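Colleague: Dumping the structure here so I can ask a few things about it.
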Amino acid sequence: KIKSTNLSLEDYKDKAKDVLSSSTYEYIKKGSLRKSTEKSNKKAFKDILIRPHYFVDVSNISTSTNILDKDVIWPVGIGPTAMHRLAHLDGEVASALAAGAQGSIFVLSSFSTASIEEVAEQAPDTIKWFQMYIYKNRSINMDFMKRAEKAGYKAIVITVDAPVHGKTYLKYPDFDLPPNLSLSNFVGITDRPSQTVSSSFTIEDLKWILSSTSLPVIAKGVLTKEGAKIVRDAGCTGVIVSNHGGRQLDGTPSSIESLPEVVRAVGKDITVMFDSGIRGGDDVFKAIALGAKYVFIGRPVFYGLAVEGQKGVEGVLDTLKQELENVMALSGCASLSDVKRDRVVHWKYYQG
Ligand code: FNR
């Protein structure tokens with residue numbers, strides 16, 4: 001049973017700010033250009049209102065669901081983010097163990113500071129997926145897919161929204177990985193991992209990936225019905241509606257505003273998941289109501305790691321779980337299947 005904590009995700013962020021160096025904190029928090037998308041990811045959640053129902057037995061709340069043929073106790077996982085050892089030396093292993101302890105899926109970034117194999121060995125009981133970009137050199141993709149399959153990862157996540165880096169304006173623009181850490185997956189492959197990502201990939205590259213792995217493939221970074229249909233037709237098992245936490249193209253709709261259009265376009269055919277801007281159980285509730293099957297968090301994982309390593313990440317997930325259960329009970333939803341579209345309304349359309 002999950003323990004109780006008294007820290008909100010905002011509290012974890014404030015505490016992390018005290019622990020991390022200014023440059024690391026800025027790197028984690030940053031958004032691209034004028035941060036319109038980064039800000040609206042969070043604001044847009046506040047514009048969505050919850051319509052509670054009463055006279056419902058909510059003495060037993062079930063958040064359980066099924067994702068890619070696996071039963072899970074709740075619909076929240078850890079999305080792929082680079083370099084967890086920046087926040088705590090236990091890095092991705094701590095995050096993966098925390099995910100396992102809280103019944104969450106852990107998605108390992110290809111730009112991790114612990115390797116595919118190390119995370120698999122140290123966190124064997126956690127459901128793990130592996131994220132990669134499409135690289136200029138297909139042999140890197142092939143190598144990573146083989147390694148992920150062999151190490152027991154259950155899905156490949158392909159991030160599609162980063163053909164180039166989103167431009168940012170930072171106080172510490174030269175931020176780099178400290179010399180005691182490395183991008184472990186690339187050791188023995190290249191000394192310049194950041195230069196491996198392709199800026200010229202097409203849907204043919206995605207089809208090649210689909211034909212080269214036995215694992216289900218998920219496209220991450222889809223914001224439109226057109227984008228969703230392309231990856232569905234190519235053969236992807238799912239999509240993650242995401243704008244990379246507002247770190248890539250600035251000026252897109254918030255991720256939660258994009259979710260309904262993707263659900264309408266492909267929700268009957270493939271699994272629609274969500275990230276970007278989730279900071280509480282109410283946000284999880286809203287994303288589920290708008291049709292997401294599963295959601296991921298990014299930055300809050302770093303804040304938990306910085307505060308208390310694995311325990312801190314467990315705390316972040318625990319807070320979200322308790323808040324989700326609380327919101328479900330207060331709104332009259334005993335199970336996740338009750339969290340339907342009519343439980344939320346955008347304030348603009350709220351007529352009372
Ligand atoms: C990311 N994100 C990301 N995505 C990805 O596909 N591969 C990666 O290596 C990274 N790295 C990364 C580093 C850091 C520091 C952050 C904050 C984010 C994006 C991530 O998966 C996710 O889309 C967002 O973080 C979700 O938004 P929130 O939850 O941070 O608002």
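Colleague: Yes or no: Ile230 outside any loop (DSSP other than H, G, I, E, B), β-branched (Val, Ile, Thr) and away from the ligand (no atom under 14 Å from the Cβ)?
Modeller: Yes, satisfied.
Colleague: Can I ask one more? Out of Gly77, Gly103, which single residue is in contact (Cβ under 8 Å) with a residue 12 or more places away in the chain, more than 12 Å from the ligand (Cβ to nearest atom) and not in a helix (DSSP H, G or I)?
Modeller: Of Gly77, Gly103, the one residue that is in contact (Cβ under 8 Å) with a residue 12 or more places away in the chain, more than 12 Å from the ligand (Cβ to nearest atom) and not in a helix (DSSP H, G or I) is Gly103.
Colleague: Okay, moving on. Which count do you get for residues in the stretch 200-225 that are without any contact (Cβ under 8 Å) to a residue 12 or more places away in the chain and assigned to a helix (DSSP H, G or I)?
Modeller: Count: 2.
Colleague: (1) surrounded by 19 or more Cβ atoms within 10 Å (Cβ to Cβ); (2) without any contact (Cβ under 8 Å) to a residue 60 or more places away in the chain; (3) in contact with a helix residue (DSSP H, G or I) (Cβ under 6 Å, 6 or more places away or on another chain): which one isn't true of Asp269, the others all being true?
Modeller: The single condition Asp269 does not satisfy is (1).
Colleague: Starting from the stretch 131-146, take each residue that is touching a residue at least 60 places away in the same chain (Cβ under 8 Å) and list its partners that are of a type in the set (A, V, I, L, M) and assigned to a helix (DSSP H, G or I), counting only C-beta distances under 8 angstrom and pairs at least six apart or across chains.
Modeller: Short answer, once both residue conditions are applied: Ile134/Leu206; Ile134/Ile209; Asn141/Ile209; Met145/Ile209.
Colleague: Could you go through the stretch 58-68 and let me know if any residue there is within 30 Å of Asn180 (Cβ to Cβ), more than 14 Å from the ligand (Cβ to nearest atom), at pLDDT 95 or above and not charged (D, E, K, R).
Modeller: The answer is no; no qualifying residue exists.
Colleague: Considering the stretch 279-307 alone, what residues qualify as being among the hydrophobic types (A, V, I, L, M, F, W, C), part of a helix (DSSP H, G or I) and within 14 Å of the chain's Cα centre (by Cα)?
Modeller: Val284, Ala287, Val301, Phe302
Colleague: Conditions first: (1) surrounded by 23 or more Cβ atoms within 10 Å (Cβ to Cβ); (2) touching a residue at least 40 places away in the same chain (Cβ under 8 Å); (3) within 24 Å of Ser335 (Cβ to Cβ). Ser242 passes all but one, so which condition is the exception?
Modeller: In the conditions (1) surrounded by 23 or more Cβ atoms within 10 Å (Cβ to Cβ); (2) touching a residue at least 40 places away in the same chain (Cβ under 8 Å); (3) within 24 Å of Ser335 (Cβ to Cβ), Ser242 misses (3) alone.
Colleague: Would you be able to say whether some residue in the stretch 47-57 is closer than 18 Å to Asn243 by Cβ, modelled with pLDDT of 95 or more, among the β-branched types (Val, Ile, Thr) and assigned to a strand (DSSP E or B)?
Modeller: For the stretch 47-57, residues closer than 18 Å to Asn243 by Cβ, modelled with pLDDT of 95 or more, among the β-branched types (Val, Ile, Thr) and assigned to a strand (DSSP E or B): present.
Colleague: Here is a further query. Among the residues of the stretch 139-153, how many are surrounded by fewer than 16 Cβ atoms within 10 Å (Cβ to Cβ) and not in a helix (DSSP H, G or I)?
Modeller: The qualifying residues number 1.
Colleague: Further question on the same structure: Quick test for you: out of Leu305, Leu223, Leu324, Leu320, pick the one residue that is within 13 Å of the ligand (Cβ to nearest atom), surrounded by 20 or more Cβ atoms within 10 Å (Cβ to Cβ), over 28 Å from Gly166 (Cα atoms) and of a type outside the set (Phe, Trp, Tyr).
Modeller: Leu320
Colleague: Oh, and also: Can you confirm whether the stretch 120-131 contains a residue that is at pLDDT 95 or above, among the acidic types (Asp, Glu) and surrounded by 18 or more Cβ atoms within 10 Å (Cβ to Cβ)?
Modeller: No, the stretch 120-131 contains no residue that is at pLDDT 95 or above, among the acidic types (Asp, Glu) and surrounded by 18 or more Cβ atoms within 10 Å (Cβ to Cβ).
The values are calculated or read from the model by the stated rules, or taken from the named source; none is laboratory data. Model, not experiment: these values are computed from the prediction. In this analysis, Cβ positions are derived from the backbone assuming ideal geometry, glycine residues included, and neighbour counts consider all displayed protein chains.
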